[in-house]
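All of the numbers you see were taken from the coordinates with simple rules; none came from a lab. This structure is a prediction, so every number in the text was calculated from the model and none was measured. Every residue, glycine among them, receives a Cβ derived from its backbone with ideal geometry; neighbour counts consider all protein chains shown.
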Amino acid sequence: MDVVETEGENIDAAIDHALRLLGVPRDRVTIDILNEGRKGILGFGAQKAKVRAALRRASAEPRNAGSAGFSLPARATEDAPAVPEAADFAAVGEKARAVLEEILRHMGVTATVERRDAPASAEIVLEIKTAESGLVIGRKGQTLEALQYLVGRIASERQSNDGPHIVIDIENYRERRRKSLEDMALRLGEKAKRQRKTISVDALSAADRRIIHAVLQDDPWVTTRSLGQGSYRRLLIIPEGDRRTKEEIKTGAEEVSPARPQRRGAPSRGAPKPAKRDG
C-alpha cells in the first residue's frame with residue numbers, strides 16, 4: 001500500500017491517521033490536502049479534513065521541494081461542485097428544511113416548515129408556520145434575513161452561487177415588505193423633488209436598498225446612492241436640483257446622473273451675495 005486517503009477532525013489528525021496506516025514517519029510521505037474541513041453549526045454542515053498520503057520513492061523530488069514533506073496540490077483544495085441535478089436540488093431543500101427546524105427549536109420557537117421547490121428560478125422556498133412570527137421576523141426583518149443566510153450556507157455547503165437559492169418566508173412577509181418599500185421609495189422620491197432636498201434613509205439591508213434603487217432608477221429627476229460601510233448603509237435619494245450633495249459624494253459615487261441645467265436667472269449655489277448699500 002503506497003497511497004492512502006484518510007479523514008480526521010482536522011488536517012493534522014488526518015495526516016496522523018495516514019502515517020499509522022502506512023507505518024512510516026512523516027518525512028517518508030508527501031501529503032496532498034483534499035479537503036481542509038470545517039466546523040458545523042448546531043451539528044449541521046460539518047466536514048472532516050481529508051488528505052492523500054503517498055510514500056516517497058528513491059526518485060522522488062528532494063525534500064526542499066516541499067516543506068518537511070508537505071506539499072499542496074496544484075489545483076484548488078476544493079473544486080466547486082456543478083449545478084445540482086433535480087435529485088441534488090431536492091436533497092438540498094430537505095436538508096435546508098431540517099436545518100431551519102433545528103435552529104427554530106434552539107430559539108424556543110414552536111413551528112413547522114413547509115418546503116416548496118422552484119427549479120426554474122433555482123429557488124427553494126421554506127415557509128415557516130408559527131404563532132410567534134414577530135420573533136422570527138425581527139426588527140425590519142433582520143432575524144429572518146439572518147436565518148436565510150445561515151440556512152443557505154449550511155444547507156448548500158458551497159462558497160459559489162451555483163447552487164439553489166434558499167428563501168425563507170413567513171406569513172407572506174417578503175411580498176408585504178417589498179410592497180412597503182416600493183411605496184416608501186415613491187413617496188420619498190416625490191418628497192425629495194418637492195422640497196429639492198436630499199433624503200437619507202438609514203439601516204436598510206442590501207436587499208431592501210436594491211428594491212428602492214430599482215423603483216427610482218427610471219425617474220429622471222432623482223438619483224439614488226448607497227453610502228457608508230457594513231451591511232446596513234445609508235441610502236440617499238437626491239433630487240436633480242441638489243447639486244451640492246452630488247458634488248459632495250461625486251468621488252467614488254456610482255452612476256452619477258448629469259445635473260439639470262440651472263434655471264435662467266437663478267443664483268448659483270455658493271455665489272457671493274451682493275454687498276449692502278450704506279444708507
Spatial extent of the range 86-171: Rg and Dmax, with the Cα atoms as the point set, Å:
12.3, 36
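Multiplying the sequence separation of Trp221 and Leu21 by 0.36 nm and subtracting their Cα-Cα distance, what value in nm do you get? Working shown, then result.
Values: separation 200, 0.36 × 200 = 72.00 nm, distance 7.22 nm.
Difference between extended and current length: 64.8 nm.
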If the label point is 7 Å along Cα→Cβ of Thr143, which residues in the range 169-183 have backbone nitrogen under 16 Å from it?
169-174
For the range 176-249, count all C-alpha to C-alpha pairs, find those more than 22 Å apart, and express that count as a whole percent of the total.
16 percent
Output the pairs from Lys140/Lys179; Lys48/Lys95; Lys95/Lys179 with a Cα-Cα distance over 22 Å in this structure; if there are none, say none.
Lys95/Lys179
Note the full-extension length gain between Lys48 and Ala122 as 0.36 nm times their separation in residues minus their Cα-Cα distance, in nm to one decimal.
23.8 nm
